[in-house]
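Everything below concerns the one structure shown next.
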Amino acid sequence: MSTLFERQLATYSSYHRDHRNRATHFIGIPAIVCSILLVCALWWPHLGSISVSGAWIVWAAACLGWIALDLTIGLAMAIALLPVVLFSNWFTSTYGSSATWWLFGVLFVGGWVFQFLGHAFEGRRPALADNLFQAFIGPMFIMAELLMMLGLRRDLARFTGDGDGRT
């Protein structure tokens, strides 16, 4: 029996069979995730006497969700996104709100352009159009693909279509 993550990964993969679509997602998804963390770094809520950026809060919440779905992928996501959170906090404190919103727009819109370009190659609309939860699975899909390329987590290949001639 497959886990929730494996089922969601298989669903996500079914929308991403074309290798060009997958390639565009390696640019688009990180750009969108970075843009979200960047703009969240503008928000500094107070938790008692502690003030922490929204980027840390969103990073922690997302990582907990990813870890709950798959420990290895979730930990890899947490490590990979640490520099993004640090950069986001540095950028917002160094360049301010105006520059942050500008960079957010470039990354967010640019990321979506890559996503839609990939789906034009695929000839199929994005998975999140049918299930919004797939937006949470997308970054995990990219990490799973990366780990498989490195020879790790080959057990996920049966859920992603890798190695079956469909990619």
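The values are calculated or read from the model by the stated rules, or taken from the named source; none is laboratory data. These figures come from a predicted structure and were not determined experimentally. Note: ideal-geometry Cβ built from the backbone for every residue, glycine included; neighbour counts use all protein chains shown.
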### Task
Just give me the residues in segment 64-80 being in contact with a helix residue (DSSP H, G or I) (Cβ under 6 Å, 6 or more places away or on another chain) and assigned to a helix (DSSP H, G or I), in sequence order.
66, 67, 69, 73, 74, 76, 77, 78
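Yes or no, residue by residue, for (1) at positive phi; (2) crowded, with 18+ Cβ neighbours inside 10 Å; (3) assigned to a helix (DSSP H, G or I):
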{"position": "82", "(1), (2), (3)": "no, no, yes"}
{"position": "94", "(1), (2), (3)": "no, no, yes"}
{"position": "101", "(1), (2), (3)": "no, no, yes"}
{"position": "119", "(1), (2), (3)": "no, yes, yes"}
{"position": "125", "(1), (2), (3)": "no, no, no"}
{"position": "139", "(1), (2), (3)": "no, yes, yes"}
{"position": "144", "(1), (2), (3)": "no, yes, yes"}
### Query
Within segment 82-136, restricting attention to residues that are more than 20 Å from residue 18 (Cβ to Cβ) and among the β-branched types (Val, Ile, Thr), which residue is farthest from the chain's Cα centre (by Cα)?
94
### Message
Looking only at segment 40-59, count every residue that is assigned to a loop (DSSP other than H, G, I, E, B) and within 10 Å of residue 85 (Cβ to Cβ) and tell me the total.
### Response
2
### Query
Is there any pair with a first residue in segment 1-26 that is at pLDDT 85 or above and a second that is basic (Lys, Arg) and surrounded by fewer than 14 Cβ atoms within 10 Å (Cβ to Cβ) whose Cβ atoms are under 7 Å apart and which are 6 or more apart or on different chains, and what are they?
17/166
### Task
Name every residue in segment 90-105 that is of a type outside the set (Gly, Ala, Ser) and without any contact (Cβ under 8 Å) to a residue 40 or more places away in the chain, in order of residue number.
90, 94, 95, 102
### Message
Can you say whether residue 37 is under 14 Å from the mean Cα position of the chain (by Cα) and over 25 Å from residue 158 (Cβ atoms), as far as the supplied structure shows?
### Response
yes
## Note on the structure
Just one listed residue, out of 50, 57, is of a type outside the set (Phe, Trp, Tyr), surrounded by fewer than 18 Cβ atoms within 10 Å (Cβ to Cβ), out of contact with any Ser or Thr (no Cβ under 9 Å at 6 or more places or on another chain) and in contact (Cβ under 8 Å) with a residue 12 or more places away in the chain, and it is 57
### Task
Can you give me the number of residues within segment 8-22 that are under 16 Å from residue 128 (Cβ atoms) and either touching a helix residue (DSSP H, G or I) at 6+ places or on another chain (Cβ under 6 Å) or loosely packed, with under 13 Cβ neighbours inside 10 Å (or both)?
8
### Task
Report the residue count in segment 127-137 for those that are assigned to a helix (DSSP H, G or I) and either surrounded by fewer than 20 Cβ atoms within 10 Å (Cβ to Cβ) or touching a Gly at 6+ places or on another chain (Cβ under 6 Å) (or both).
5
### Message
Let me spell it out: the conditions are (1) of a type in the set (A, V, I, L, M, F, W, C); (2) touching a residue at least 60 places away in the same chain (Cβ under 8 Å); (3) surrounded by fewer than 22 Cβ atoms within 10 Å (Cβ to Cβ); (4) under 15 Å from residue 89 (Cβ atoms), and residue 38 meets all of them except one. Which number is the exception?
### Response
(3)
### Residue among 78, 68 that alone is farther than 21 Å from residue 24 by Cα, surrounded by 13 or more Cβ atoms within 10 Å (Cβ to Cβ), free of Cβ contacts under 8 Å to residues at least 60 places away in the same chain and among the aliphatic types (A, V, I, L, M)
78
